[in-house]
Amino acid sequence: MIVKTIAAILLTFSLALNGCAQADNQHRASKIIHFEEIEFDMPSIHEPVIPNYEVSIEDFGAVSGGQVLNSKAFADAIEAVSQKGGGRVVIPAGIWLTGPIILKSNLELFTEPGAVVIFSENKDLYPVVETSFEGLDTWRCISPIYGKNVENIAFTGHGVWDGSGDAWRFVKRSKLTANQWKELVASGGVVNEKENEWYPSEQFKTAQESANMNVPTGLTTKEEYEAIRDFLRPVMVSIQNSKRVLFDGPTFQNSPAWCIHPLMVEDLVVRNLTVRNPWYSQNGDGIDIESCKNVLVENCNFDVGDDAICIKSGKDEDGRRRGVPSENLVIRSNIVYHGHGGVTVGSEMSGGVRNMHVSNCTFMGTDVGLRFKSNRGRGGVVEGIYISDVRMTDIPTNAISFNLYYGGMSVSEMLASGKSDAIAKPEPVTEETPQFKDISMKNIVVKGAQQAVVLQGLPEMNLENVTMTDMLLEADNGFSIVDADNVKIEGVELITKNKTAVEFYNSKNVEIRGLKYPFKEEKSIIINGDSSRNIKLLPFDGENLQPFTTLGNEVPRDAVQFE
């Protein structure tokens with residue numbers, strides 16, 4: 001008996017030592033993130049596994065100070081760990097100038113506190129490569145950080161990655177002060193005839209004038225793209241067709257176009273990041289998660305020039321041909337300051353988006369808080385969206401916006417231009433018709449917005465199955481609901497400056513229950529459109545809402561119920 005006991009102890013000790021040895025061989029041991037209390041069956045996410053081998057870029061001749069180009073030192077350090085099967089490359093405190101960094105599998109880039117990596121403004125260092133941008137297959141200059149077909153990639157530490165974006169971007173005069181504009185023009189570059197846009201070069205200006213949403217049209221060869229390379233500003237971080245990617249800790253800022261662009265990545269974790277771009281930066285998105293599967297974004301701060309956390313899946317025919325949705329996404333405990341959208345879906349969503357959970361996020365001064373956008377021609381289905389416990393303050397436009405007539409401008413720019421989403425006639429439903437359905441929003445607080453909620457579908461493909469419960473919404477204007485089907489609003493307190501709480505147009509199967517609002521005017525609720533059907537406006541605190549409701553002449557008399 002004693003012998004057996006001693007043998008068991010020795011076996012246990014041996015297994016423990018073996019386990020420790022395996023752990024010692026890994027900088028980042030295998031970690032699996034499990035999810036509970038998510039509304040859909042969210043798969044576990046596997047984080048990268050990085051071997052326990054470490055080098056510093058200084059071991060390969062890197063020189064700090066921002067004057068010496070360290071591209072070779074970065075490349076040699078990455079190759080050294082790659083030859084060992086992978087490992088960690090340490091970037092010490094200091095200012096490190098470099099050209100593009102090409103990622104290899106099983107790699108961790110660790111920035112120590114005080115480390116600043118600045119990518120060179122010399123565009124000759126960034127060759128033109130085949131890629132995807134704005135959801136379209138195209139050619140762009142290679143990204144400052146680039147990886148394709150890689151596995152086990154980690155960006156960790158507390159340093160800063162700076163993309164030198166000001167050298168690449170064009171600038172709208174309306175986004176600068178008079179002095180800033182004067183200094184920019186004096187620095188060089190080219191101004192357009194209206195003197196309201198600045199370009200880094202004449203080449204950029206010429207290409208911009210014929211581009212489709214920043215993507216050149218009519219070009220077929222690499223040589224044709226190289227002739228306008230100054231226009232082909234890259235995303236800062238491009239990781240494509242890869243698995244197990246982690247961003248944890250650093251700051252990413254000042255990107256030429258989008259800041260971080262994971263494309264077709266499975267098992268993506270983004271946490272504890274700070275993502276910054278000047279508010280005037282064109283296409284200065286924070287992170288654009290495109291056609292990715294099993295994603296976690298948590299505990300990050302965004303202050304950017306365009307959409308902050310954006311979910312995409314390709315654009316139009318190119319996106320439908322790829323046919324890869326973004327799916328199984330958890331976005332929680334993030335803060336967004338300036339940006340065109342706090343959490344955004346689209347407009348490039350032709351491959352579809354499904355199973356997305358958003359919770360415990362705060363948007364402060366963001367143009368739009370929750371922003372869903374698409375238009376005819378996209379196709380694709382967005383479904384299974386669950387949003388809860390969101391707080392918003394000082395939203396300049398719409399706190400919650402579903403817009404299937406998106407035309408490329410931010411909501412602020414659209415309103416400033418005097419343009420609005422026109423009521424359109426139905427068109428035939430085809431593979432190009434986008435669809436948004438099965439959306440749940442609850443426990444949302446808005447303290448200040450121009451419009452609380454805009455729900456706008458298409459006449460041929462209504463926005464479907466939207467539930468909004470338990471909200472406190474303070475805004476100049478209340479709800480605008482157009483071409484929507486099966487909308488339920490319950491337990492909402494609405495505080496507005498405008499005397500109209502809710503406007504409907506051609507919506508059906510709507511139920512409003514428990515809407516707390518100081519009903520005084522007969523036009524507190526306005527219903528228009530001859531397709532309006534089955535709208536239930538149930539009493540609040542026993543008060544019938546019929547005296548406060550106005551129906552257009554074209555609305556069927558039996559379309560609305562008040563009891």
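Specify the residue that is surrounded by the most Cβ atoms within 10 Å (Cβ to Cβ); the eligible residues are those in the stretch 150-164 that are aliphatic (A, V, I, L, M) and part of a strand (DSSP E or B).
Out of the qualifying residues, it is I153.
Does E121 fit the bill of being at pLDDT 95 or above, open to solvent by 50 Å² or more (accessible area, probe 1.4 Å) and in a loop (DSSP other than H, G, I, E, B)? Yes; evaluated as a whole, the condition is true for this residue.
Looking at N462, is it modelled with pLDDT of 95 or more and closer than 18 Å to R371 by Cα? Spelling it out, N462 is indeed modelled with pLDDT of 95 or more and closer than 18 Å to R371 by Cα.
Residue-level analysis places I95 outside the set of residues that are touching a residue at least 60 places away in the same chain (Cβ under 8 Å) and at negative phi.
One residue is enough: does the stretch 165-182 have a residue meeting the conditions open to solvent by 60 Å² or more (accessible area, probe 1.4 Å) and of a type in the set (D, E)?
For the stretch 165-182, residues open to solvent by 60 Å² or more (accessible area, probe 1.4 Å) and of a type in the set (D, E): present.
Within the stretch 124-149, the residues that satisfy the criterion of being in a strand (DSSP E or B) and open to solvent by less than 20 Å² (accessible area, probe 1.4 Å) are V128, S132, F133, T138, R140, C141, I145, G147. Take the conditions in a helix (DSSP H, G or I), out of contact with any Cys (no Cβ under 8 Å at 6 or more places or on another chain) and among the polar types (S, T, N, Q) and apply them to S82. Does it pass? It is true that S82 is in a helix (DSSP H, G or I), out of contact with any Cys (no Cβ under 8 Å at 6 or more places or on another chain) and among the polar types (S, T, N, Q). Of the residues in the stretch 240-253, at least one is in a loop (DSSP other than H, G, I, E, B), touching a His at 6+ places or on another chain (Cβ under 7 Å) and surrounded by fewer than 24 Cβ atoms within 10 Å (Cβ to Cβ). Of all residues in the stretch 462-480, one or more are under 11 Å from I400 (Cβ atoms), in contact with a strand residue (DSSP E or B) (Cβ under 9 Å, 6 or more places away or on another chain), open to solvent by 20 Å² or more (accessible area, probe 1.4 Å) and among the hydroxyl-bearing types (S, T, Y). Taking the stated definitions as given, is P262 at pLDDT 95 or above, open to solvent by less than 60 Å² (accessible area, probe 1.4 Å) and either more than 22 Å from M364 (Cα to Cα) or more than 24 Å from the chain's Cα centre (by Cα) (or both)? Spelling it out, P262 is indeed at pLDDT 95 or above, open to solvent by less than 60 Å² (accessible area, probe 1.4 Å) and either more than 22 Å from M364 (Cα to Cα) or more than 24 Å from the chain's Cα centre (by Cα) (or both).
For (1) surrounded by fewer than 18 Cβ atoms within 10 Å (Cβ to Cβ); (2) under 24 Å from P459 (Cβ atoms); (3) at pLDDT below 95, each residue gets a yes or a no:
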position	(1), (2), (3)
R320	no, yes, no
N334	no, no, no
H338	no, no, no
H357	no, no, no
F372	no, yes, no
Y386	no, no, no
K419	yes, yes, yes
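Just one of the listed residues (V265, V330, V275, V295) is touching a His at 6+ places or on another chain (Cβ under 6 Å) and either of a type in the set (K, R) or in a strand (DSSP E or B) (or both), namely V330. Of the candidates E493, E427, the single residue that is among the acidic types (D, E) and within 21 Å of K523 (Cα to Cα) is E493. Looking across the stretch 521-563, just one residue is among the small types (G, A, S), open to solvent by 50 Å² or more (accessible area, probe 1.4 Å) and at positive phi, and that is G542. Note on the stretch 279-311: residues that are surrounded by fewer than 23 Cβ atoms within 10 Å (Cβ to Cβ) and either among the aliphatic types (A, V, I, L, M) or in contact (Cβ under 8 Å) with a residue 40 or more places away in the chain (or both) amount to 4. Of the numbered conditions (1) crowded, with 22+ Cβ neighbours inside 10 Å; (2) closer than 17 Å to G147 by Cα; (3) not hydrophobic (A, V, I, L, M, F, W, C), S105 satisfies every one except a single condition; which is it? Failed condition: (1). When restricted to residues that are at pLDDT 95 or above, in a helix (DSSP H, G or I) and among the aliphatic types (A, V, I, L, M), the stretch 170-222 contains 4.
Among the residues making up the stretch 48-72, those that are free of Cβ contacts under 8 Å to residues at least 40 places away in the same chain, open to solvent by less than 40 Å² (accessible area, probe 1.4 Å) and closer than 18 Å to F155 by Cα are V55, S56, I57.
The values are calculated or read from the model by the stated rules, or taken from the named source; none is laboratory data. Given the structure is predicted, the values throughout are model-derived calculations rather than measurements. Positions of Cβ are generated from backbone atoms using ideal geometry, with glycine treated the same way; all protein chains shown enter the neighbour counts. Please note that ligands, DNA and RNA were not included when accessible areas were found on the heavy atoms of the full protein model with its side chains. Shrake-Rupley method; radii C 1.70, N 1.55, O 1.52, S 1.80 Å.
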